[in-house]
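Contents: one structure, followed by commentary.
The values are calculated or read from the model by the stated rules, or taken from the named source; none is laboratory data. Computed from a prediction, not measured in an experiment: that's the story for all the values here. Cβ sites come from the backbone with ideal geometry, for glycine too, and all protein chains shown count toward neighbours.
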Amino acid sequence: MVNKKRNNPNLHLIIFVILVLLSGWIGVLLDSILKEQPEGNSLGMGLWLVLPLLTAIILRIIRRDWKDMGINPNFKGNIKWYLVAFAIYPFVTIVIVVLALLLGVTNLDNFEISSFFSLLIISVAGNFIKNIFEEFSWRGYLTPKLIELKVNDWLLYLISGLVWALWHAAYYMVFLPNDYFESISRLGMLLSGCVLMVCWTIMYVEIFRLTKSVWPCVLMHAIEDAFPTVLVTISGVITFTKNGDFWLNPVSGVAATILFLGIGLFLRSIRIKKEHLDV
């Protein structure tokens with residue numbers, strides 16, 4: 001009986017999801033006890049970031065199960081997918097920004113290419129490390145465990161996307177400073193994040209399934225945090241009109257989200273065809 005409980009994948013998945021969804025609020029509680037911490041770099045935020053991966057590692061230790069973690073980079077035969085992972089966000093960003101320029105809903109007056117690339121390199125390096133914690137949680141644990149339970153693709157995307165998004169709840173509702181919410185409410189950002197991350201999840205899941213590795217997902221996530229996010233959210237070198245931001249923001253706009261969704265579904269079709277050929 002003990003062994004059955006220890007190896008129960010359903011129970012472990014439930015434990016993982018619960019602790020993931022609580023991790024940010026545990027971090028908020030920690031910060032409420034430990035006062036006078038730097039904004040945006042508190043111990044509570046650190047706990048929020050690392051707790052999902054720590055939970056995944058502990059659950060794998062309990063089950064003695066490491067086979068589907070995706071820790072091997074699997075470069076052989078997969079270099080093209082690493083290149084795809086690297087290129088997706090810059091490609092969509094360039095397409096969307098060019099369209100926004102043609103429609104006159106964006107402004108590039110503050111863009112300086114030399115300072116942007118310096119900031120980009122620093123951001124990619126830092127976010128690559130940060131996204132090891134994220135991607136080995138969502139793609140290195142949650143995704144393979146849902147696949148193990150034979151969850152259909154659409155439910156897999158929905159569950160993993162919502163868990164990923166709702167893990168951000170404390171980040172959006174508490175951790176982020178008020179400067180980020182001049183044009184959108186905290187709840188609005190959380191709700192839009194749910195839609196966005198469910199759509200993004202298809203790309204990440206399919207890159208993981210095509211390569212059997214988490215590392216291209218870490219790379220892709222780092223480029224997302226560094227390229228469009230630096231351009232629009234962090235540095236503000238690209239600004240949009242109100243309507244332009246809604247439709248053509250390369251991070252969260254409707255057009256970009258549709259493109260990401262289409263790319264994810266295209267990758268899914270390639271993976272399904274590849275699996276049929278391998279049978």
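Checked against the criterion of being assigned to a loop (DSSP other than H, G, I, E, B) and over 21 Å from Glu224 (Cα atoms), the stretch 82-105 contains one or more residues that satisfy it. Of the residues making up the stretch 168-210, those that are farther than 20 Å from Asn249 by Cβ, buried (at least 18 other Cβ atoms within 10 Å of the Cβ) and either without any contact (Cβ under 8 Å) to a residue 60 or more places away in the chain or among the charged types (D, E, K, R) (or both) are Glu206, Arg209.
Applying the set (1) at pLDDT 95 or above; (2) more than 23 Å from Leu156 (Cα to Cα) to Glu39 leaves exactly one unmet item: (1).
Do we find that Val163 is under 18 Å from the mean Cα position of the chain (by Cα) and closer than 20 Å to Ala226 by Cβ in this structure? If you could, list the steps in order and put the result at the bottom.
Values: under 18 Å from the mean Cα position of the chain (by Cα): yes; closer than 20 Å to Ala226 by Cβ: no.
Judged against the criteria, Val163 is not a match.
For the condition within 27 Å of Lys242 (Cβ to Cβ) and either in contact (Cβ under 8 Å) with a residue 40 or more places away in the chain or among the charged types (D, E, K, R) (or both), Leu99 qualifies.
Selection over the stretch 145-174 of residues that are outside any helix (DSSP H, G or I) and within 14 Å of Leu13 (Cα to Cα) gives a count of 3.
In the set (1) buried (at least 18 other Cβ atoms within 10 Å of the Cβ); (2) part of a helix (DSSP H, G or I), Ser213 fails one condition alone, (2).
Taking the stretch 203-239 on its own, how many of its residues are at pLDDT below 90 and either farther than 18 Å from Phe117 by Cα or not hydrophobic (A, V, I, L, M, F, W, C) (or both)?
Keep residues of the stretch 203-239 that are at pLDDT below 90, which gives 226-239.
Applying the additional criterion that residues be either farther than 18 Å from Phe117 by Cα or not hydrophobic (A, V, I, L, M, F, W, C) (or both) yields 228-229, 233, 235-236, 239.
Of the residues in the stretch 203-239, 6 are at pLDDT below 90 and either farther than 18 Å from Phe117 by Cα or not hydrophobic (A, V, I, L, M, F, W, C) (or both).
For residues that are under 15 Å from the mean Cα position of the chain (by Cα) and among the β-branched types (Val, Ile, Thr), scanning just the stretch 104-152, find the one that is surrounded by the most Cβ atoms within 10 Å (Cβ to Cβ). Among residues in the stretch 104-152 that are under 15 Å from the mean Cα position of the chain (by Cα) and among the β-branched types (Val, Ile, Thr), the one surrounded by the most Cβ atoms within 10 Å (Cβ to Cβ) is Thr143.
Please specify each residue of the stretch 223-257 satisfying the condition of being over 15 Å from Val92 (Cα atoms), small (Gly, Ala, Ser) and in a helix (DSSP H, G or I). The one that is over 15 Å from Val92 (Cα atoms), small (Gly, Ala, Ser) and in a helix (DSSP H, G or I): Gly244. Those helices (runs of 4 or more DSSP H) of the stretch 1-78 in which 1 or more residues are surrounded by 16 or more Cβ atoms within 10 Å (Cβ to Cβ) and in contact (Cβ under 8 Å) with a residue 60 or more places away in the chain occupy 9-33, 43-63.
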